[in-house]
Amino acid sequence: IVQSLRILPIIDSLEDHLVTELISLCKLSHFYEGENIFEEDGYDQHIYFLLTGKVKIVKKGMEIATLSSTGDVFGEMCIIDAGARSASVYAVEESNCLKMDISYVDRLPAKERDVLLYIIYRVFSEMLSKRLRHTTEDLIKAKEELEKARLELAKGKEAAVKAEEETVSLDVDD
């Protein structure tokens with residue numbers, strides 16, 4: 001099991017004894033197509049590592065992301081800020097995840113706990129940095145599209161005003 005999990009970035013950098021400790025904090029979870037993995041605004045202490053399949057992240061009824069790569073992490077936000085789940089997650093197809101109960105980390109010996117938490121938070125920071133870059137790119141595209149729509153709307157209003165002026169001019173001439 002230890003070697004088969006080395007594909008996950010968070011596990012690849014750990015020594016075997018730490019991987020064994022990590023596995024003891026985890027449970028293999030299987031989800032069927034359409035199954036809810038967790039709900040927005042819910043509370044729990046689980047982080048999920050996608051092993052196989054595909055999941056979608058939904059916020060306020062709108063799909064905001066799809067994850068399909070082995071090692072993709074989700075459910076981490078409530079661990080970072082101790083808040084409620086910021087989105088719901090559903091299996092798009094049959095999916096297998098490694099489900100880690102982060103509260104178990106506190107039960108590890110101090111040295112191992114510190115090493116594991118360091119690695120977890122480092123992975124989180126790298127992942128969140130990538131997501132922030134992607135979100136920033138999406139925001140720039142959205143702003144560009146909004147500006148283009150505003151310009152087209154202004155042209156449309158200008159044409160409507162011109163047409164109205166021509167109509168009024170024709171009415172006066174009659």
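The values are calculated or read from the model by the stated rules, or taken from the named source; none is laboratory data. From a predicted model like this one, the values you see are computed outputs, not experimental measurements. Every residue, glycine among them, receives a Cβ derived from its backbone with ideal geometry; neighbour counts consider all protein chains shown. Accessible surface is based on the protein model in full, side chains and every heavy atom, while ligands, DNA and RNA are left aside. Shrake-Rupley method; radii C 1.70, N 1.55, O 1.52, S 1.80 Å.
Using heavy-atom solvent-accessible surface (probe 1.4 Å) with all chains present, what is the largest-first order of LEU146, LEU116?
LEU146, LEU116
Return the carbon/sulfur percentage of the accessible area of the chain, one whole number, probe 1.4 Å, all protein chains in place. Can you show the working numbers first?
Numbers: 6170 of 11340 Å².
That share works out to 54 percent.
How many lysine pairs are close in the stretch 1-145, with Cα atoms under 25 Å apart and the two 8 or more places apart or on different chains?
22
What is the stretch 19-69 by shape, rounded, prolate or oblate, if you read a ≥ b ≥ c off the alpha carbon gyration tensor as root eigenvalues and call it rounded for a/c under 1.5, prolate for a/b larger than b/c, and oblate otherwise?
prolate
Calculated FRET efficiency, THR52 and ALA82, Cβ-Cβ r, R0 22 Å, to nearest 0.05?
Here the calculated transfer efficiency is 0.15.
Where Lys and Arg each count +1 and Asp and Glu each count -1, what net charge lies around LYS60 among other residues with Cβ under 11 Å from its Cβ?
It works out to a net charge of -2.
Counting only other residues whose beta carbon sits under 13 Å from that of LEU132, what net charge do I get with K and R as +1, D and E as -1?
0
What does the highest-first list of 119-132, 93-106, 148-161 look like by mean Cβ count within 10 Å?
With the highest mean Cβ count within 10 Å placed first, the list reads 93-106, 119-132, 148-161.
Tilt of helix 110-173 relative to the longest C-alpha principal axis of the chain, in degrees (0 to 90, nearest 10)?
Once rounded, the angle reads 10 degrees.
At a Förster distance of 35 Å, what's the computed FRET efficiency of MET62 paired with SER125, Cβ-Cβ distance as r, to 0.05?
That gives a FRET efficiency of 0.85.
Using alpha carbon coordinates only, what is the Rg to Rh ratio of the chain, with Rh defined as the Kirkwood radius?
Radius of gyration over Kirkwood radius for the chain works out to 1.29.
Under a 1.4 Å probe, what is the accessible area of the stretch 32-118 per residue, stated in Å²?
For the stretch 32-118, the per-residue accessible area is 52 Å².
Using a cut-off of 9 Å between beta-carbons, work out the net charge of the residues near CYS78 (Lys and Arg +1, Asp and Glu -1, CYS78 not included).
My count for the surroundings of CYS78 gives -2.
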